[in-house]
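Each reported figure results from applying straightforward, stated rules to the coordinates on display, with no laboratory input. Everything numeric in this text was worked out from a predicted model, so none of it was measured. Neighbour counts are summed over all protein chains in view; Cβ atoms, including those assigned to glycine, are modelled from backbone coordinates with ideal geometry.
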Amino acid sequence: MAVDRANLSGSRVLVTGASRGYGAAVARALALHGARLLLTATEPVHLARVMRDCRGAGADCTAIVLDLADPASIDRAVEEVGATVPRLEGVVMNAGILGPMGPLDQADPDGIAHALAITLTGPVRVMQRLSPLIADRAGVVLVTSGAAARPGYGAYGLGKAGLEALGFMLRGEWAHRGIRVVAVNPGPVRTDMRAEAHPGEDPATVPPPSERVAPVLAVLAGDDPGPRVQAAQWGLS
Ligand SMILES: NC(=O)c1ccc[n+]([C@@H]2O[C@H](COP(=O)([O-])OP(=O)(O)OC[C@H]3O[C@@H](n4cnc5c(N)ncnc54)[C@H](OP(=O)(O)O)[C@@H]3O)[C@@H](O)[C@H]2O)c1
């Protein structure tokens, strides 16, 4: 079913990790469709370029500092969201890091715990705190990866498997509110994280993130493709 992207106009959407990579591409695309944006990164300066681009496209845009490794930062950020908009029609939980890769029995346990704070327990806290602000019939996207639960992917594989579980659970628990919770796997996209994970790869062989944002826009515009989708199978933006 084709979803009308005009639905995004005026929609209030929070995007975490919007300073670069996939989150920045999602933010820019939402700006072009008239969404009201709340964009997060660990430092305000990281958001300057994306904020400029989104405002240049005519979007009303607010920068919010959020460090997912720090519970106090999460609580402050959600308070700021609530002081800025009364409700959110969309949330894109996109921020993440790789953390220690490789076999789990050889990975640094403190490094794993730190990575999971950013990729799993931080997002759980964000969703708990945000819950009263999320409008009925909102769209919530959790950005996942084909590496979820994949052997050899260390903290990243663990974190993404947990994030998908969070999505499946919230989808059921919020069904009575009509909230669409969907895990979207962008597939390989040309970002800093991709370069870090695959240092030998020619970046020109990997699509830019702007070519993989279509399912995120669709979910936020009202589509419900199910609990988990892959952007590469969705077609181009
Ligand atoms: N790139 C790929 O090929 C690929 C494939 C599948 C899935 N994904 C997923 O797509 C999402 C975006 O990845 P990407 O490739 O765009 O990565 P990226 O370019 O490294 O960007 C990561 C984003 O996360 C934010 N971030 C990092 N640490 C944070 C923290 N402690 N608290 C809050 N935000 C933090 C960064 O903000 P700062 O600028 O403040 O550091 C940045 O905006 C991730 O969830 C990733 O797992 C990517």
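Brief remarks follow.
- Across the stretch 201-211, rounded Karplus estimates of 3J(HN,Hα) from the backbone phi angles (6.51 cos²θ - 1.76 cosθ + 1.60, θ = phi - 60°) give 7, 7, x, 5, 8, 10, x, x, x, 4, 7 Hz, Gly and Pro being marked x.
- Residue with peak Gaussian network fluctuation, the chain [Cα springs, cutoff 10 Å], from ALA29, ALA138, ALA57: ALA57
- Cβ crowding within 10 Å, taken as a proxy for footprinting-reagent exposure, orders HIS114, HIS46 from fewest neighbours to most as HIS114, HIS46.
- SER131, SER11, SER145 arranged by Cβ crowding within 10 Å, fewest neighbours leading: SER131, SER11, SER145
- Taking amide H as placed 1.01 Å from N in the peptide plane, SER11 has its amide H under 5 Å from the amide H of ARG36, each at least 5 places away in sequence or on another chain.
- Cα-based shape type of the stretch 106-237, given that a ≥ b ≥ c are square roots of the gyration tensor eigenvalues and the cut on a/c is 1.5: oblate
- Of the residues PRO71, GLN230, ALA165, the one whose Cα sits farthest towards the positive end of the charge dipole of the chain is GLN230 (charges of +1 on Lys and Arg Cβ, -1 on Asp and Glu Cβ, taken about the Cα centre).
- Our Cα-only numbers for the chain put the radius of gyration and Dmax at 16.5, 50 Å.
- Each Lys and Arg Cβ is given +1 and each Asp and Glu Cβ -1; about its Cα centre, the stretch 5-233 then shows a dipole of about 720 debye.
- Karplus-derived HN-Hα couplings along the stretch 134-149 (A = 6.51, B = -1.76, C = 1.60, θ = phi - 60°), whole Hz, x at Gly and Pro: 7, 5, 4, 6, 6, x, 10, 10, 10, 7, 10, 7, x, 7, 4, 6
- Less than 5 angstrom separates the built amide H of ASP60 from those of LEU37, all sequence-distant by 5 or more or on a different chain.
- Panel order for LEU37, LEU163, LEU14, by other beta carbons found within 10 Å of each beta carbon, from fewest to most: LEU163, LEU37, LEU14.
- Under 5 Å from the amide H of VAL213 lie the amide H atoms of SER237, each residue being 5 or more positions distant or on a separate chain, with H modelled from the backbone and absent for Pro and chain starts.
- Using θ = phi - 60° in the Karplus curve 6.51 cos²θ - 1.76 cosθ + 1.60, the 3J(HN,Hα) couplings for the stretch 72-79 round to 5, 5, 4, 4, 5, 4, 5, 4 Hz; x is entered for Gly and Pro.
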